[in-house]
Every structure is written in C-alpha cells, then in structure tokens.
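Read through the structure below, which is laid out as structure tokens, and then see the notes.
Read-outs throughout are calculated quantities, based only on the coordinates presented, and are distinct from any laboratory measurement. Predicted, not measured: the structure shown is a model, and the values here were computed from it. Positions of Cβ are generated from backbone atoms using ideal geometry, with glycine treated the same way; all protein chains shown enter the neighbour counts.
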Amino acid sequence: METLEATAVAQVLSGDRDAFRVLVDAHARAVFSVAFRMTGNKEDADEIVQETFLRAYKSLDRFEARSKFSTWIYRIAVNRCLDFLEKKKIAGTYTISDEPDPEENTIQLPSNDAGPDRLLMSKEAKMKISQAMTQLTPTERVAFTLRHVDGQSIEEISRALKIRENAAKNTVFRAVRKLRVALEPMVATK
Amino acid sequence: MKHLSEEELILKHYGELKDEELSAHVAGCEECRAELMKLDAQLKQVRVPGVPELDEGYETQLWFKLRDQLPERNVSKWAVWGRNCAMAAAMAVLLVSAFLAGRQSRNVVNSPVVQNNQRKVDRLVALAVGNHLEKSQILLIELMSQGDNDKTDFSATQGQARDLLDANRLYRMSAAKSSDPTVQRTLDDLERVLAEIANSPSDLKSGDVERLQRMIEQQGLLFKVRVVGSRIREQNNPVPAKQQGTKL
Ligand SMILES: [Zn+2]
C-alpha cells in the first residue's frame with residue numbers, strides 16, 4: 001500500500017492529477033472520522049474532508065517520502081479542524097456538540113462499572129459534558145479530543161498542532177480541568 | 001510523602017506519567033488511588049458521538065467533488081527527476097516486500113483484518129492501474145496515428161513511454177498478487193510494447209514507426225487496454241444505488 005501511495009505522490013507531482021485519487025481513496029474515511037470526532041457534525045466534517053485533501057494536494061511537494069502519508073494527512077486534517085472551529089467561534093456559532101446525540105440519550109457504561117456511578121450516566125450528565133465542551137477553546141477541544149478519543153500522545157499532539165510539548169500538555173490539562181469542574185457537582189451530590 | 005498533583009494524575013490516567021517514582025507512589029497510596037479512580041470515572045463519561053456509517057461509494061463521490069477543484073501543477077524538471085527517484089524507491093520497496101511475502105506466504109493467516117486490508121490494497125491497485133491504462137491508451141493512440149514521414153520529435157513520446165514502463169512494472173507486480181489474470185496479461189503485453197518504444201532510437205528511421213504499429217496491432221493491444229481500462233473504471237465508479245435495485 002505504501003508503495004502505491006509513494007508512486008501516486010510521485011505521479012501527482014509530475015502533473016498527473018488523476019493519480020491523486022489513489023490517495024483520496026486510501027484515506028478518505030480516516031480523515032472523515034477525525035473531522036467528525038472534532039465537530040460532531042456530518043456536514044462540517046464533509047467540508048473539512050474536502051479542505052484537507054485540497055490542502056494536501058497543493059502542498060504535496062512538501063510531503064517527505066520517508067514519512068507516512070497517513071500521518072501527514074492526519075495532521076493536515078487536525079489543523080483544518082482547528083481552523084474550522086476558530087472560524088465558527090469568531091462567527092459566534094461555536095455550539096458544537098451542545099446537543100446530545102439523540103440516539104444516545106444515556107451513556108452506556110461497561111458492565112463492570114455498575115454501582116452508584118451508573119446514576120451519573122444520565123441525560124443531565126451528558127448535557128453538562130456537552131456544555132463543558134463548548135467552554136473549551138478550539139485548541140483545547142482539538143488537543144483534548146486527540147488525547148482522549150484518538151489516543152494520541154502529548155508528543156504527537158504537539159507535532160500535529162505545531163506547538164511545544166509543554167504547551168500541548170498544558171492545553172490538555174486545561175481542557176480536563178474545565179470538564180471536571182462541570183462534572184464535579186454531580187460527583188459531590190451522589 | 002507528597003501526593004500526586006492533578007496534572008500528574010491526568011498524565012497517569014492517559015498512561016503518560018513517565019516518572020517511575022510517582023507511578024510507584026500511586027500504587028502504594030490509597031489517597032492517590034482514590035483520586036485517580038475519581039478522575040478515571042469522570043473522564044470515562046466524556047464521550048464523543050460515534051462516527052456515522054458512510055456510504056460504500058463515499059470515496060468515489062468525494063473524488064468527483066474534489067477533482068475539478070484541483071489546480072493543474074506546474075511541473076519543473078526537478079519534480080520529474082524527484083518523481084523518477086521516488087518511482088525507483090517504490091520499486092525497491094515493492095521488490096523487497098514481494099520477496100518477504102513469498103517467504104512468508106506459507107504462514108499467511110486469513111484473518112478478517114488481513115482480508116480487509118487486502119481488499120483495500122486491491123482497490124488501490126485497481127485505481128492506479130485504471131489511471132495507468134488510460135495514459136497508456138493515449139500514448140498508443142498517438143503512436144498509431146503517426147505517419148511514417150512525420151518528422152515529429154519522438155523523444156517526448158519515449159520519455160512518456162519510459163515513465164509508463166516504470167509504473168507498468170510496479171503495477172504488474174502488484175496485480176500479480178490480485179486474482180485478475182486479464183489485468184495481469186494486459187500489463188504483460190503492454191510492458192513489452194512500452195519497452196520497445198522506450199528503447200527505440202530517438203531518430204526513428206522509416207519503418208520503425210511501422211514496426212511498432214504492427215506490434216501493437218498484432219497483439220490487439222489497444223483494444224485490450226481499452227476494454228480492461230474501462231472495466232476497471234466501471235468497477236471503481238459504481239453507479240449509485242438506483243441501478244443496484246434499491247428503490248428511489
Ligand atoms: Zn499519594
């Protein structure tokens with residue numbers, strides 16, 4: 001697969017636009033997943049997917065053949081997400097995920113979590129989390145999602161967002177702290 | 001002893017606490033363990049909605065949306081040179097992996113993951129081969145329409161044939177792993193003709209063009225390339241649901 005991708009990159013760089021399709025095909029779903037996890041919205045994710053591939057196409061000459069294309073495009077996608085969230089925030093429509101997923105009104109817990117904590121898994125908890133998520137700045141939201149959902153290390157987050165490792169770490173800390181503040185009263189009143 | 005700070009607990013939660021002394025402390029300290037469990041429980045509640053299932057034709061739809069937005073590239077000599085290097089590197093990787101695959105083929109496990117990956121690779125090979133056949137077809141048509149007395153510069157055509165020849169070798173080996181013998185045979189035939197074009201003298205003598213044309217004709221190559229190419233294209237661009245029996 002990497003051979004095919006390396007060939008496709010080389011062909012695109014030599015002027016063969018159609019060769020780019022191999023790269024789109026190989027990574028479209030993964031890019032969509034990242035975009036959806038960051039925005040929680042299919043239309044927004046679709047827009048980000050297109051922007052990501054356009055950006056990748058235009059800056060393909062900066063892709064180093066030694067690195068993995070999947071990592072490279074992932075980073076582009078993450079930055080498109082960040083830009084997108086920033087724009088939304090400026091436009092005053094930064095309300096991503098403040099509505100709970102209608103199909104998932106209660107959060108499912110693994111069975112070994114039975115007990116008093118289960119009571120917390122209510123619609124109310126979900127609303128609180130959603131509201132807390134909107135309190136995060138775009139960078140906090142992206143960094144937190146990368147760490148918490150995508151399982152990326154602090155080091156990878158710092159590389160993806162082009163910030164220092166300490167900054168990445170502090171961004172994740174801030175996000176977690178804000179979320180905890182939102183959840184704290186619920187834990188206290190149990 | 002000093003307990004862990006909230007930040008250290010967060011790192012611990014995500015498996016990024018590098019300090020072994022601190023990790024050892026958590027293991028032995030009930031207070032820190034309780035704090036960590038509370039944090040674990042809280043963070044477990046933070047979930048993002050599951051990613052929705054995408055249509056089977058998602059990639060194709062995306063490609064058609066994207067294609068016209070992609071600007072033409074200005075290709076420099078350096079880019080072409082780089083491309084040739086990349087192609088050579090890709091060939092080397094492929095040869096090594098083919099060798100390793102050959103050695104390991106006895107132990108191949110047919111797990112769903114392996115099969116799924118293979119399907120994906122097959123599809124990418126098909127996309128690349130489809131594009132390759134389209135370009136080869138253009139070259140063959142050009143050559144077939146060339147008169148014997150045309151004084152057109154043959155070196156550009158030869159350059160293209162050399163690029164296509166490199167790519168052809170790569171795809172032929174990739175296609176060898178897939179199950180389609182027609183694609184394999186077409187690439188075999190195409191490779192012989194491309195090699196012939198690439199290695200002909202650039203100042204073609206009278207009769208040379210004719211010889212190449214005869215070779216293409218005798219093998220029915222243009223026809224094969226066209227048929228296999230369009231079949232691959234159809235497979236890669238499935239017609240939306242209405243033709244697959246789904247109601248409108
Ligand atoms: Zn302690």
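Measuring spread by the Cα atoms of region A:1-95 yields a radius of gyration and Dmax of 14.0, 45 Å.
Between the alpha-carbon centres of region B:3-69 and region A:122-137 there is a gap of 17 Å. Listed by chain and number, the aspartates and glutamates whose C-alpha is less than 20 Å from the C-alpha of B:K205, apart from same-chain residues fewer than 8 away, are B:E142, B:D148, B:D150, B:D153, B:E196, B:E217. Checked against a 32 Å cut-off, the cross-linked pairs A:K128/B:K65; B:K65/B:K135; A:K42/A:K162 give Cα-Cα distances beyond that limit for A:K128/B:K65. Restricting the calculation to Cα atoms, region B:1-42 shows an Rg/Rh of 0.91 when the hydrodynamic-style radius is the Kirkwood one. Couplings 3J(HN,Hα) of region B:118-125, computed from phi: 4, 4, 5, 4, 4, 5, 5, 4 Hz, in residue order, whole Hz [Karplus 6.51 cos²θ - 1.76 cosθ + 1.60, θ = phi - 60°; x for Gly and Pro].
Exposure proxy check: A:Y74, B:Y171 ranked by fewest other beta carbons within 10 Å?
Fewest to most other Cβ atoms nearby, the residues stand as A:Y74, B:Y171.
Residue order for B:E72, A:E184, B:E134, B:E56, fewest other beta carbons within 10 angstrom first, comes to B:E72, B:E56, A:E184, B:E134. If you take the alpha carbon atoms of region A:6-56 and fit the smallest convex hull around them, that volume is 68 Å³ per residue. For region B:122-236, the pair-distance distribution built from all alpha carbon pairs, in bins 10 Å wide starting at 0, is 14, 49, 27, 9, 1 percent.
Given a cut-off of 24 Å, name the pairs among A:K88/A:K123; A:K123/A:K178; A:K87/B:K12; B:K2/B:K38; A:K89/B:K18; A:K58/A:K89 whose C-alpha atoms lie farther apart than that in the structure shown.
On the way: A:K88/A:K123 26 Å; A:K123/A:K178 19 Å; A:K87/B:K12 34 Å; B:K2/B:K38 19 Å; A:K89/B:K18 35 Å; A:K58/A:K89 26 Å.
Beyond 24 Å between Cα atoms: A:K88/A:K123; A:K87/B:K12; A:K89/B:K18; A:K58/A:K89.
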